[in-house]
1. Check whether at least one residue in segment 175-197 is open to solvent by 10 Å² or more (accessible area, probe 1.4 Å) and touching a His at 6+ places or on another chain (Cβ under 7 Å), and report yes or no.
2. Output the number of residues of segment 78-88 satisfying the condition of being outside any strand (DSSP E or B) and surrounded by 12 or more Cβ atoms within 10 Å (Cβ to Cβ).
3. For segment 204-218, check the following and say yes or no: at least one residue is open to solvent by 10 Å² or more (accessible area, probe 1.4 Å), of a type in the set (Ser, Thr, Tyr) and closer than 16 Å to Thr149 by Cα.
4. Restricting attention to segment 430-451, which residues are under 26 Å from the mean Cα position of the chain (by Cα) and either closer than 25 Å to Leu359 by Cβ or open to solvent by 30 Å² or more (accessible area, probe 1.4 Å) (or both)?
5. Of all residues in segment 33-64, which are outside any loop (DSSP other than H, G, I, E, B) and open to solvent by 20 Å² or more (accessible area, probe 1.4 Å)?
6. Looking at Leu306 and the list (1) open to solvent by 10 Å² or more (accessible area, probe 1.4 Å); (2) within 19 Å of Ala384 (Cα to Cα), which single condition is not satisfied?
7. Limited to segment 521-532, what total is found for residues that are part of a helix (DSSP H, G or I), open to solvent by 30 Å² or more (accessible area, probe 1.4 Å) and either at pLDDT 95 or above or touching a Ser or Thr at 6+ places or on another chain (Cβ under 8 Å) (or both)?
8. Can you find even one residue in segment 533-543 that is under 17 Å from the mean Cα position of the chain (by Cα), part of a helix (DSSP H, G or I) and touching a residue at least 60 places away in the same chain (Cβ under 8 Å)?
Amino acid sequence: MTQPGEVIRPSAMTPAVRAATGLLEIEALSVSIGVAQIIKNLSLEVGAGEILGLVGASGSGKSMTALAIMRLLPLHAKLSGAVRLRGETLTDKTETDLCSIRGRDIGIVFQEPMTALNPLMSIGDQVAETVRLHLCVSVAEARRMARETLDLVGLRGAQGAMDRLPYELSGGQRQRVAIAMAVVLAPALLIADEPTTALDVRTQAQVLRLLQELVRTRNMGLILVTHDLAVVAQVTDRIAVMQQGEIVEQGATQPLLRHLQHSSGRALLAAAELKPKRGLPHRQDTAPVLQVRDIVHEYPSRRRSLWRAAEPLRAVDGVSLYIHPGETVGLVGESGSGKSSLLRVILALERPQAGEVHLLGDAFSSTRGLSGASVRRLRRHIQAVFQDPYGSFDPQWSVERLIAEPFYLLEAQPTAAERRCKVAAALEQVGLSPADARRFPHEFSGGQRQRIAIARALIVEPSLIAFDEAVSALDVLVRAQILALLAELAERLRLAYLFVSHDLNVVRSIADRIYVMQQGRVVEHGPTEAVFASPRHAYTEALIAATPKLG
């Protein structure tokens, strides 16, 4: 029996076994959109009971390959080559035929389950709907199958109640619902496209273990699409490395990782091997930039009785922390630990029920609330960079207007000429061109948009920048570039960072000190390397153990 959070080591499947249990064959697959060739003459095989890792940087064609197998391509895309499932060719099927195959014979799990789930339908109805689309069964039978599958993926009891709506579930629970929808009809092939990228390490380990167990117990084939070699090293039997629409290298997982030949695979491996931060300790004799004292933050709960008021949900329970100038502090914990709730209080976006936040020695967030003028005067000194910059940008604004937006916090507004010069300087600081100021957010890649978000945070010369999962959605190559940029800016500008993340490898590579949160409380804190080398709390030890490792 496997334990919660334990990852099952992949089985060593021999080529002979794979040939005997052949499931999916892709031969000379090409996909083009207009004049752009997205997939180029790709050939690939997946066996029953086998997990194939399809890896590569953003734009390498991984997700387009997955969509091409399902024939879910953009409207004007052109496809050539052959895709065969159990010997049956899919590329010449009509859309009606494909609709009966999708879900029944091939299941797919996407990266962000909240966008894949219907927010107005209960989770039980959504899983049962998949059954009724493909099988002629009663509503009761479909719901029985849905219940069994939700139990199978670990959503038992109250947390897997059939009438729950997606917004009532955590990210990991929503991903389990998406997996339940994909496997309820026991498909022969499952495609998982970045299924754990935005999940905390313990939830990620649980989801990966679930996928492995489904492959093992149902003899399914699984294509795991990801940019994270640390994940594929733990769970896959074989790896195929993609670059610019082509497979440049493939083979059994462990031998291939030890002897990568192609430059793109070696670059992914180097970017995945984040090194612990090294350097002189920061001086602690200066006044803190940020002082958080005994913060308590609660949210109202749903009332379930006419006679008794609901107990509030205590998301943050007496948390204190501090950050000195030039210091990077990591705040880690799994989903629901209270990290984001604490960050909203620190940013004065929500008022705590107890405690105070002091910024540069002055009260910034407290129970009694502060005057708008006081908060506005201090707000320029604390800026934020979020996980999804595109979601925090107005798509109709130019980059210049987006970056210049924080100028409204200044008492003396810059002239138009000064504004252009400052925006150009900020763009150059983050490795972009001043000419980019005239472009719009949709014209940039994810990594470039994150650089724009950093430039916007820098424009008013803050003392502290808070990063909320700022690199979790980026591929490992872009992530390495952004982390190097942040380290260089911190050293040159003496910036303090609060780095909120579920990725312990990232925090270890950038933070001087670390705070570990569980159920609203700080259970451990100290110098980063000391915490990683000798964790004192069992929860910290469990987080470190669940973190994917290449070795």
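1. yes
2. Result for segment 78-88: 1.
3. Yes, there is a match, as at least one residue in segment 204-218 is open to solvent by 10 Å² or more (accessible area, probe 1.4 Å), of a type in the set (Ser, Thr, Tyr) and closer than 16 Å to Thr149 by Cα.
4. Matches in segment 430-451: Val430, Gly431, Phe440, His442, Glu443, Ser445, Gly446, Gln448, Arg449, Gln450, Arg451.
5. Correct list: Ile33, Ala36, Gln37, Ile38, Lys40, Asn41, Ser43, Glu45, Ser63, Met64.
6. If we test Leu306 against (1) open to solvent by 10 Å² or more (accessible area, probe 1.4 Å); (2) within 19 Å of Ala384 (Cα to Cα), just (2) comes out false.
7. The number of residues fulfilling the criteria is 0.
8. Looking through segment 533-543, at least one residue is under 17 Å from the mean Cα position of the chain (by Cα), part of a helix (DSSP H, G or I) and touching a residue at least 60 places away in the same chain (Cβ under 8 Å).
The values are calculated or read from the model by the stated rules, or taken from the named source; none is laboratory data. The model shown is predicted, which means the values in this text are computed figures rather than measured ones. Glycine gets a Cβ as well: all are built from the backbone with ideal geometry, and neighbour counts include every protein chain shown. Heavy atoms of the whole protein, side chains included, go into the accessibility calculation; ligands, DNA and RNA do not. Shrake-Rupley method; radii C 1.70, N 1.55, O 1.52, S 1.80 Å.
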